[in-house]
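*Asks:* I'd like to ask some things about the structure below.
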Amino acid sequence: MSGDVSRRGFLTATGALLGTAALGAHSPAARAGGPIADGARVPVLVIGTGYGGAVAALRLAEAGVDVHLAEMGMAWDTPGPDGKIFCNTRTPDYRSYWLRTRTKAPLNYFLGFPIDRDIPRHTGVLDAEEFGGITVYQGRGVGGGSLVNGGMAVTPKRENFAAVLPSVNADEMYGVYYPRANAALGVGTVDPAWFDATDCYQYARVGRKHAQRSGFPFVFVPDVYDWDYMKQEEAGTVPKSALAGEILYGNNHGKRSLQRTYLARAAATGRVSVSPLHQVTSVAPAAGGYLVTLEHLGTDGARLATKTVTAERVFFAAGSVGTSKLLVKLKATGVLPALNGEVGKGWGDNGNVMCGRANHLWDPTGSLQSAIPCCGIDNWAAGGAFAEVAPLPTGIETFASFYLSITKNPHRAQFSWNAGTGRVELNWQTAWKQPSIDMARTIFDRINAREGTIYRTDLFGIYKVWGDHLTYHPLGGAVLNRATDNYGRLTAYPGLYVIDGALIPGNTTVNPFVTITALAERNIEHIIATDL
Ligand code: FAE
């Protein structure tokens with residue numbers, strides 16, 4: 001039944017990483033085996049290795065099902081010439097961006113000067129995918145967004161949850177699936193006493209002081225970073241990661257990415273295999289399941305081979321954008337014509353908008369800044385904004401406070417197939433960020449007035465206050481209970497499922513990955529119980 005791939009174990013190119021001491025107690029035994037063979041048959045193929053894909057792989061494997069994971073990005077298990085797997089945010093190199101010849105830093109100006117630089121084209125870890133009105137940042141590699149994100153692990157307030165996913169039983173989510181997700185992700189919170197004393201959170205303490213003096217609730221935000229490790233970084237007893245400015249292009253230490261949590265546990269079952277640098281381009285009905293087409297990519301992005309494999313069941317876990325693009329293309333080109341009309345709809349940016357404030361000289365934010373954010377300003381109920389106090393880990397004193405706000409932006413965009421270009425487009429418009437700016441201003445206008453400070457105008461262009469051109473949090477495109485049933489089934493095609501951020505209708509009111517993980521836990525439990 002499982003064909004020639006699944007029993008080879010997880011370890012293809014990921015072997016070195018997942019089999020090394022880097023993973024401590026979760027390390028599985030090393031195993032031989034290559035990527036999926038052309039013509040293979042597998043019981044389950046999962047497209048993508050982010051949160052949704054990792055949850056599906058682990059729980060299916062625990063239920064005795066052999067799973068193959070196809071991931072378009074690299075394995076991120078092999079050190080580069082500097083001995084490190086990931087490059088530093090301050091010195092982006094070939095490892096930084098997905099198939100670009102120039103960096104596209106989210107914060108792309110400093111003191112009014114552009115900071116992007118030329119890099120060799122390579123299958124790097126961060127994709128800055130450009131659509132007409134927005135750049136969508138995503139992780140590429142085994143571990144998906146967990147490789148590049150800030151690790152902020154936030155469970156939304158229960159009173160906000162019903163507005164996000166009204167068809168889901170909140171009692172079950174808050175009683176079972178959020179706790180399960182938080183435990184498996186390794187979520188923890190900074191030690192408040194250490195927070196008050198350490199140099200590396202001076203910037204966050206300034207953020208707290210300003211928030212509280214303006215009367216805003218200030219909250220500590222949990223994270224999957226190993227807080228004990230960060231203390232040791234400060235003490236100088238371990239290699240530095242968060243305190244060396246590592247984040248956007250990967251953390252070499254300290255962060256509990258999916259490689260160290262769900263995927264390591266999945267590997268340890270012996271039932272999960274993975275093909276890095278394999279991009280799924282088609283899923284078509286076939287005898288005994290679905291015929292899946294994969295392009296095996298080289299690290300220059302060139303196609304090395306095309307493979308077709310048969311899977312009894314396929315889970316779309318390619319992220320909001322990746323899953324939406326595949327489904328919209330497959331419906332429009334007649335490969336999966338019976339997908340319903342909701343496919344491609346309900347996409348949002350989680351209301352992301354960035355800004356900086358210029359502090360007075362007596363309010364330095366510190367030259368040493370932990371790259372891992374740990375706190376936020378909650379003005380959701382009154383102003384529709386939750387602002388994370390973000391680092392600016394430049395290594396020099398900037399006197400700047402920097403924020404990523406999540407806002408209640410009402411706009412939703414749609415993906416559609418352009419037959420002329422052969423590409424999927426997204427109709428988001430830059431002007432749709434205005435409600436987000438207005439909501440973020442409910443916080444920062446008041447703080448500026450109270451502190452006698454102004455917005456920074458040198459971080460996103462020449463005299464540009466708002467980072468309104470991007471999102472880190474793409475959500476939607478195959479919304480639960482609309483494009484799918486209430487558990488992610490694409491009902492017109494038995495055996496096809498969506499299990500990632502595409503299920504969430506555009507906003508989670510906070511950073512999204514805990515909700516994506518908890519929803520995946522809920523859905524896979526039901527699917528295993530009823531479909532398998
Ligand atoms: P995701 O993690 O994106 O995984 C999808 C995977 O599928 C990726 O590895 C893709 O390479 C792969 N893929 C796509 N298309 C294909 C294909 N055709 N064939 C094969 N593979 C494919 O999806 N969220 C938080 O909650 N807290 C944070 O602090 C936070 N910070 C962030 C910072 C940055 C810079 C970024 C970019 C994101 C951040 N996020 C954060 C968002 C979070 O990482 C994101 O919501 C999740 O990773 C989405 O999980 P999914 O499972 O939906």
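*Asks:* Which one is most open to solvent (accessible area, probe 1.4 Å), of the residues in the stretch 113-122 that are out of contact with any strand residue (DSSP E or B) (no Cβ under 6 Å at 6 or more places or on another chain) and assigned to a strand (DSSP E or B)?
*Replies:* If we take residues in the stretch 113-122 being out of contact with any strand residue (DSSP E or B) (no Cβ under 6 Å at 6 or more places or on another chain) and assigned to a strand (DSSP E or B), then PHE113 is most open to solvent (accessible area, probe 1.4 Å).
*Asks:* Condition check: in a helix (DSSP H, G or I) and touching a residue at least 24 places away in the same chain (Cβ under 8 Å). Does THR517 satisfy that?
*Replies:* yes
*Asks:* Quick check: anything in the stretch 234-246 surrounded by fewer than 24 Cβ atoms within 10 Å (Cβ to Cβ), closer than 24 Å to ALA54 by Cβ and among the polar types (S, T, N, Q)?
*Replies:* no
*Asks:* Which condition breaks for LEU459 when tested against (1) of a type outside the set (Gly, Ala, Ser); (2) open to solvent by less than 10 Å² (accessible area, probe 1.4 Å); (3) at pLDDT 95 or above?
*Replies:* So LEU459 meets the others, but not (3).
*Asks:* Out of PHE110, PHE131, PHE195, which single residue is more than 14 Å from the ligand (Cβ to nearest atom), over 23 Å from TRP76 (Cα atoms), touching a residue at least 60 places away in the same chain (Cβ under 8 Å) and open to solvent by less than 20 Å² (accessible area, probe 1.4 Å)?
*Replies:* Checking each option against the conditions leaves just PHE195.
*Asks:* Go through the stretch 367-382 and count every residue that is open to solvent by less than 10 Å² (accessible area, probe 1.4 Å) and away from the ligand (no atom under 15 Å from the Cβ).
*Replies:* 2
*Asks:* Sticking with this structure for a sec: I need every pair where a residue in the stretch 36-51 that is more than 18 Å from ARG313 (Cβ to Cβ) has its Cβ under 7 Å from the Cβ of a residue that is among the charged types (D, E, K, R), sequence separation at least 6 or different chains.
*Replies:* Pairs that qualify, where the first residue is more than 18 Å from ARG313 (Cβ to Cβ) and the partner is among the charged types (D, E, K, R), are ALA37/ASP4; ASP38/LYS307; GLY50/ASP500; TYR51/ASP500.
*Asks:* Taking the stretch 409-436, which residues are surrounded by fewer than 18 Cβ atoms within 10 Å (Cβ to Cβ) and either among the basic types (Lys, Arg) or part of a helix (DSSP H, G or I) (or both)?
*Replies:* ARG423, THR430, ALA431, GLN434, PRO435 - these are the residues of the stretch 409-436 that are surrounded by fewer than 18 Cβ atoms within 10 Å (Cβ to Cβ) and either among the basic types (Lys, Arg) or part of a helix (DSSP H, G or I) (or both).
*Asks:* So, one more: Keeping to the stretch 329-345, report how many residues are surrounded by 24 or more Cβ atoms within 10 Å (Cβ to Cβ) and closer than 13 Å to ALA413 by Cβ. Steps first, please.
*Replies:* First, the residues of the stretch 329-345 that are surrounded by 24 or more Cβ atoms within 10 Å (Cβ to Cβ): 343-344.
Still in the running and closer than 13 Å to ALA413 by Cβ: 344.
Looking only at that region, the number is 1.
*Asks:* Could you run through the stretch 26-81 and say how many residues are modelled with pLDDT of 95 or more, within 18 Å of ALA311 (Cα to Cα) and away from the ligand (no atom under 11 Å from the Cβ)?
*Replies:* Summing the residues that are modelled with pLDDT of 95 or more, within 18 Å of ALA311 (Cα to Cα) and away from the ligand (no atom under 11 Å from the Cβ) in the stretch 26-81 gives 20.
*Asks:* A follow-up question, please. Could you give every pair whose Cβ atoms fall below 7 Å, whose first residue belongs to the stretch 317-342 and is over 18 Å from GLY289 (Cβ atoms) and basic (Lys, Arg), and whose second residue is modelled with pLDDT of 95 or more and surrounded by 20 or more Cβ atoms within 10 Å (Cβ to Cβ), counting only separations of at least 6 or pairs across chains?
*Replies:* LYS325/PHE415; LYS325/VAL424; LYS329/VAL424; LYS331/LEU339; LYS331/VAL343
*Asks:* Right, another one. Taking the options LEU126, LEU147, name whichever one is touching a strand residue (DSSP E or B) at 6+ places or on another chain (Cβ under 8 Å), surrounded by 15 or more Cβ atoms within 10 Å (Cβ to Cβ), closer than 26 Å to ARG456 by Cβ and modelled with pLDDT of 95 or more.
*Replies:* Only one candidate qualifies: LEU126.
*Asks:* Scanning the stretch 134-161 for residues that are among the charged types (D, E, K, R) and more than 6 Å from the ligand (Cβ to nearest atom), which turns out farthest from ILE247 (Cα to Cα)?
*Replies:* Checked the stretch 134-161; the qualifying residue farthest from ILE247 (Cα to Cα) is GLU159.
*Asks:* Select from the stretch 336-354 the residues that are under 23 Å from the mean Cα position of the chain (by Cα) and either over 16 Å from THR430 (Cα atoms) or of a type in the set (Asp, Glu) (or both) and list them in ascending order.
*Replies:* VAL343, GLY344, LYS345, GLY346, ASP349
*Asks:* Scanning the stretch 447-506 for residues that are among the acidic types (Asp, Glu) and touching a helix residue (DSSP H, G or I) at 6+ places or on another chain (Cβ under 8 Å), which turns out farthest from the ligand (Cβ to nearest atom)?
*Replies:* Out of the qualifying residues, it is GLU451.
*Asks:* Scan the stretch 177-192 for residues that are surrounded by fewer than 18 Cβ atoms within 10 Å (Cβ to Cβ), not in a helix (DSSP H, G or I) and not charged (D, E, K, R) and report the count.
*Replies:* The total comes to 2.
*Asks:* Looking only at the stretch 198-219, how many residues end up being open to solvent by less than 60 Å² (accessible area, probe 1.4 Å), in contact with an Asp or Glu (Cβ under 9 Å, 6 or more places away or on another chain) and over 18 Å from HIS360 (Cβ atoms)?
*Replies:* Going through the stretch 198-219 one residue at a time, the tally reaches 5.
The values are calculated or read from the model by the stated rules, or taken from the named source; none is laboratory data. Quick caveat, the model's predicted, so the values are computed rather than measured. So basically every Cβ, Gly included, is an ideal-geometry build from the backbone, and we count neighbours across all protein chains shown. These accessible areas exclude ligands, DNA and RNA; they are computed on the full protein's heavy atoms, side chains included. Shrake-Rupley method; radii C 1.70, N 1.55, O 1.52, S 1.80 Å.
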